[in-house]
Amino acid sequence: MSDDVVAPVATAAPATHEPPARDITDGGPDMVQFLDADGQPVALNEVNSPYAEYVDAIDDEQLRSLYRDLVLVRRVDAEGHALQRQGELGLWPSLLGQEAAQVGAGRAMRPQDYAFPGYREHGVAWCKGVDPINLLGMFRGVNHGGWDSNENNFHLYTIVIGNQMLHASGYAMGVQKDGMVGTGDPERDTAVMAFTGDGGTAQGDYNESLVFASVAHSPVVFFVQNNHWAISEPNDRQFTIPPYQRARGFGIPGVRVDGNDVLASLAVTQGALDRARSGGGPTLIEAFTYRMGAHTTSDDPTKYRIAAEVDIWKKKDPIDRLRKHLESKGLADQEWLEALDAEADELALRIRTACQQMPNPPHSEMFEKVYAEPHPLVEREREEFLAYQASFEEED
C-alpha cells in the first residue's frame, strides 16, 4: 500500500445511481486477490505475495471444506429469509454475497480468538460453531440473545451500529493484561476480531475503538465488510477515503482484500491475526464485497439502487468463483456437488423444523437477567405483572 494519500480507488456508483460507467467491482491495485471472478489463480505480485504462504498451506480437503462452508452458510441465510417472510421470524438480515468474506475471516480464527459481530455475521457464527438454530431463536424473539458467548468465543449480535467495536477494543486490552499475547504459545496467544459494515465506519464508536486499539497496541483485528450500501446510503455518502486507507490516520496498517475471494479473505485475516497474537498490534481489513440482497427483510433495495448494479456483482459471486476453481482442479465432480446439496437440504429442514417448534417463553422471563444481581424495582414490577396476568385466568 502506498504511503501517499490518494483518491478513493473504488466507491459506489455516483449519487444519481444510473448504470455505472465504470467497473464498480474493481477494488483497485491495492486489493489482495488470489482467485479472479472465473476461479483462476491470480499471479503473485507485490500486493498479494506477503500472504501467499497462507494460501500455499491450504490443501485440497481444506479447499473443499471452504466451499462446503460457503454453500451451507448461504442455505442457512436463505432459510432465515424464507422463515421471516412466512411469519416465523420478526426480522432477518441477509449476508447474500458476503459469504466468502465471513467464512474466510471465521476460518482464520483459532478457538481462543474472540469475535465481536454486528448482526449479519452468520458466516462467522457458523465457523465459530454457533448452531444456526440459535440465530433463528434470537430473531424469533424467544431467548436471551441466543447463545452463551463464552462457549464459542463469539459474542452476542450487536444491533447498535458500531458498538461492538468498542467491546472488542476493550476485550483486547484485557487479553493484554492477562498476558495472553506474544508468549509464543499457539494455544495461549489470543487475538480479537471486530466486524462491521461500511456504514458502521461513520459511527463514533467505531472511530473511538480504533483510537483505543492504536494507543494500547492491542491484539485486535477490525474487519470492515464494505458491501457498498449502509441500508440506503452508498459509499459516496459514507466516506471519501476508503476504510483501509483511513487506518493510517489511526496509526495502524490497513489492507483491502477481495471479499468475494475466500482464499484471499482467509490469508489476509490469518496474517493480521498472527500479527496481533504475537504482539504486533491491531490491523484494519477492508473486505471489498457486495450485499446482493436487502439490508434486512424490512428493506426494499429497489427504492435506492438499480438492478444493473446487482447484476454486475452477481458475475463475481463468491460461491461460483470457488466452485469453478475446484472444478478446474478436479476436486468437485457432480456426485460430490449433489451430496453437498443434499446436506444443505437436510440442514435447512433441521433448522426450519426446530424454529417452528420453538416454545414461546413465559412472559415473566422479560424480568430475568435485567441486572447481574436482584433488583428491588424489577422484582416489584415482576410481581405486579404476574398478578395482572393471573387476573385474566381468574376471570376465565
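Taken together, the values in this text are just the output of simple stated rules run on the coordinates, not laboratory data. Predicted model, so just to flag it, every value in this text is computed and none were measured. Cβ placement follows ideal geometry from the backbone for every residue including glycine, while neighbour counts extend to all protein chains displayed.
A few remarks follow.
- Estimated FRET transfer efficiency (Val378, Lys329; beta-carbon r; R0 56 Å; 0.05): 0.40
- The modelled label-to-label distance for the pair Ala52/Ile241, using points 7 Å beyond Cα in the direction of Cβ, is 3.1 nm.
- The distance linking region 206-246 with region 269-310 is 10 Å (Cα centroid to Cα centroid, whole angstrom).
- Most mobile listed residue (Lys324, Lys128, Lys177) in the chain, GNM with C-alpha springs under 10 Å: Lys177
- From the C-alpha gyration tensor of the chain, square roots of 5λ in Å: 35, 26, 22
- Whole-Å distance, taken between Cα centres, linking region 43-96 and region 102-167: 15
- Multiplying the residue separation of Asp300 and Gln112 by 0.36 nm and removing their Cα-Cα distance gives an extension gain of 63.8 nm.
- 13 Å beta-carbon shell around Asp274, net charge (K/R +1, D/E -1): 0
- Computed extension length for Asp320-Gln86: 81.4 nm, one decimal, from 0.36 nm per residue of separation with the Cα-Cα distance subtracted.
- Cross-link reach list, lysines versus Lys316, counting only Cα pairs under 25 Å and skipping chain neighbours closer than eight places: Lys303, Lys324, Lys329
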